[in-house]
1. Examine segment 61-76 for a residue that is at pLDDT 95 or above, under 17 Å from residue 37 (Cα atoms) and in contact with a helix residue (DSSP H, G or I) (Cβ under 8 Å, 6 or more places away or on another chain), and state whether such a residue exists.
2. Please indicate, with yes or no, whether at least one residue in segment 35-42 is more than 14 Å from the chain's Cα centre (by Cα) and part of a helix (DSSP H, G or I).
């Protein structure tokens with residue numbers, strides 16, 4: 001599958017071989033590159049070869065492959081000799097979610113005691129009534145996608 005044109009997209013330029021990247025893995029659907037501004041040494045980005053801005057633009061089969069390769073890269077990091085006591089796999093979908101490069105990509109970040117990554121959030125327990133209402137809203141979204149029943153593989 002060839003990379004689609006993403007005007008001004010650095011990841012598309014990398015996929016076309018027009019920009020430099022350090023590439024530990026590539027196949028016909030994805031390329032894995034080292035993040036140029038890593039959170040920790042070994043920080044990887046799994047990039048589909050098709051230009052898709054976010055989840056809404058990427059087909060499920062390609063998305064599943066991105067996550068499959070992300071899983072493999074996490075396992076590879078643990079065996080790499082790089083400092084890796086844990087792994088975060090992170091997707092930033094949209095500007096509000098801290099997406100900076102608008103070409104779908106999955107971060108695979110090796111973690112270790114004392115690294116600098118922190119996730120600050122309100123971790124308070126939500127009331128069941130609010131959780132139930134939010135679950136209803138998600139089910140409504142599934143219905144809008146044509147997935148009203150839970151799918152089983």
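1. no
2. No: segment 35-42 contains no residue that is more than 14 Å from the chain's Cα centre (by Cα) and part of a helix (DSSP H, G or I).
The values are calculated or read from the model by the stated rules, or taken from the named source; none is laboratory data. Just so it is clear, the structure is predicted and the values come from calculations on it, not from any experiment. Neighbour counts are summed over all protein chains in view; Cβ atoms, including those assigned to glycine, are modelled from backbone coordinates with ideal geometry.
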